Amino acid sequence: MKFIHLLTIFSLFFITITASDCKKHTLNPVDQLPPETQTGANTFGCLINGEAFLPEGPSLAPILQCAYQYLNTNYDRGYFFQLSASHKNNTTDVLSVGIFTDSLIISTGNFLLENNQKGSAYGLYTRYTGTVHVKYYTSKDLPGELTITKFDEINQIVSGTFWFNLITSSGDTLKITNGRFDMQFTR
């Protein structure tokens, strides 16, 4: 009987200790982002107003794209870089974050994300809601920064970090921070 009593006390003690450790742990949004790597892991993530943004959606539409190409047409001539990620949530909303360059040679280093002009780099945030499509670009008044930490043309790998802020048409600020990517690009 003494053994059963001790076993009951031990069991209650064990349950109390383990139950107190079962609190719901909230992840820090930065911890939800992919690690900063330079291997061509095809990862992308950032925070939008402090919330984690990761590519996600149906397999029918590309959710993660990266290209670095030289174009020589009547309209476009130069090196163009495109990195974009989309997230489709459970509603009809599709969010997209992108970094683009227009006629700008990419290498390791820092690039201002200013405006959508020849010889410049820019950041873009897009929201599709049903039939409504809105785009917000960085500007000279509200620039951001792209840092390329690895650019390997032979193995077609580009890695880096970025941030930028945007003002929406309603005057709200979108803060895109802690951006990171490690991509294989197409040519």
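Structure data summary
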{"read-out": "From the options 148, 157, 176, residue that is β-branched (Val, Ile, Thr), without any contact (Cβ under 8 Å) to a residue 60 or more places away in the chain and crowded, with 17+ Cβ neighbours inside 10 Å", "value": "148"}
{"read-out": "Qualifying residue in region 112-134 (condition: more than 15 Å from residue 45 (Cα to Cα), assigned to a strand (DSSP E or B), under 14 Å from the mean Cα position of the chain (by Cα) and of a type outside the set (D, E, K, R))", "value": "yes"}
{"read-out": "Residue selected from region 53-80 under the condition part of a strand (DSSP E or B), among the hydrophobic types (A, V, I, L, M, F, W, C) and modelled with pLDDT under 95, by the criterion surrounded by the most Cβ atoms within 10 Å (Cβ to Cβ)", "value": "53"}
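The values are calculated or read from the model by the stated rules, or taken from the named source; none is laboratory data. Computed from a predicted structure; not experimentally measured. We place every Cβ from the backbone using ideal geometry, glycine too, and count neighbours over all the protein chains shown.
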